[in-house]
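Worksheet: the structure to be examined is printed underneath.
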Amino acid sequence: MINKDDDDDGLSLLATLPLSLLIIIVNNLGTQEDLVNISVLSKQFHMIVHLPAIGTRIVRVYELSPCSIRNRGSDLRLVQRLVHNQLNNHDKFGHYHHFRLNRINEFDHEIIGADNDLLPINSITSFDLSLSSSSFSSLASLTLAPNWAEPQILVSLGNIFSNVQEINLSHVRFDVQSFQLSALDLRIFFNSLLSLQKITWHHCDRNILLAGFPLHPKRTKQIYADDSNFTVLRSHMKLMSVNPVRQLRNDIFMFHKCKSLECLSIRNARYTTNDIDDIFTKAVSQQMLIKFVRKAPSSMRWFRSDLTEDNMEMLRLERPNIELLN
């Protein structure tokens, strides 16, 4: 049994230690959860965890979920709630830098009228819209429409959050049977986030072209999309590979639309054709990976993929400024 008096004695003993030593102790704990727990122990520890000398910062998370009554949400009510908090709780709301939207696939799209004033929220710098891996059973399945999220939800959020620098969409799936409509909404969303540079989308299911569309061509710097299935245009399929006989279209390679890319992770990557008369899925080939490294923009610094050790050794000689991992 834990003796509360012992806990109080231990806290009192810690309080007698020099500030410099307490800072070292707190820095060695490190995790967000640890810092939050420490910050409520006493006024002294609350002050310490917010000192500039503490390497890990407490990130305040603003979290929203679908309505618990009917287990669905709408982007209209979501926007109205965000605007209400921005107007009426501005001092408190301004402390949040991370926005977490739970179960985005359970939000419905409603038309947002002109009478809903959309005030920009500049304090939020990161989005977490990811779903758990249990949200769907298979990337290859086309029968999971209830688990698709509506891309218009992203457009609604993009109209409010103007300073987002990174986003996590892992396991989120948008309607691939209406790919052009979904891609248009996604393009509007990515174009609206003027500060967005980092995109994490593990287990993406055909919502990104292997060429890099609909990500922003100049602002996108980091992409982390392991275990993903990309869409490829039939006209691009052969052009994205190294041709041992002659090199056709040097400007066509994986993610060639992303002109400022610095980091890319696509382990266990696959692609599916967009030809409805001949749909098939294949693993991204070594030839595709090789051509990407050779033709990647000069900004490229880090690439994690399924390149073989032999191919990585060869490419390190050609592009020594790119760190190659698998």
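Read-outs throughout are calculated quantities, based only on the coordinates presented, and are distinct from any laboratory measurement. All figures in this text were calculated on a predicted structure; none of them were measured in a lab. Don't worry about glycine lacking a Cβ; one is built from the backbone with ideal geometry, like all the others, and counts go over all protein chains shown.
Can you work out D for region 206-326 in µm² s⁻¹ from Stokes-Einstein, where Rh is the Kirkwood radius over C-alpha pairs, the temperature is 10 °C and the viscosity is 1.306 mPa s? The Stokes-Einstein estimate is 111 µm²/s. A simple rule links phi to the HN-Hα coupling: the Karplus curve 6.51 cos²θ - 1.76 cosθ + 1.60 with θ = phi - 60°, which for region 205-221 gives 10, 6, 8, 10, 6, 4, 7, x, 6, x, 5, 5, x, 10, 8, 6, 10 Hz, with x for Gly and Pro. Subtracting the Cα-Cα distance of His109 and Lys43 from their residue separation scaled by 0.36 nm leaves 19.3 nm. Of the peptides 120-126, 287-293, the order by per-residue mean of other Cβ atoms within 10 Å, starting with the highest, comes out as 287-293, 120-126. At an R0 of 45 angstrom, the distance between the Cβ atoms of Leu233 and Leu13 translates into a FRET efficiency of 0.10. Exposure proxy ranking for Trp302, Trp148, based on other Cβ atoms within 10 angstrom of each Cβ and starting from the fewest, stands as Trp302, Trp148. Applying the Karplus relation 6.51 cos²θ - 1.76 cosθ + 1.60 with θ = phi - 60° to region 155-165 yields 3J(HN,Hα) values of 4, 4, 5, x, 6, 9, 8, 9, 10, 6, 10 Hz, where x marks Gly and Pro. Ordering Gln287, Leu209, Ser299 by Cα displacement along the dipole of region 206-326 toward the positive end leaves Ser299 in first place; charges were set at the Cβ atoms of Lys, Arg (+1) and Asp, Glu (-1).
Using the Cα gyration tensor of region 228-287, with a ≥ b ≥ c the square roots of its eigenvalues, what is the shape: rounded (a/c below 1.5), prolate (a/b larger than b/c) or oblate (neither)? Oblate. Inter-label distance, Glu313 to Asn122: 5.4 nm, where each label sits 7 Å from its Cα along the C-beta direction.
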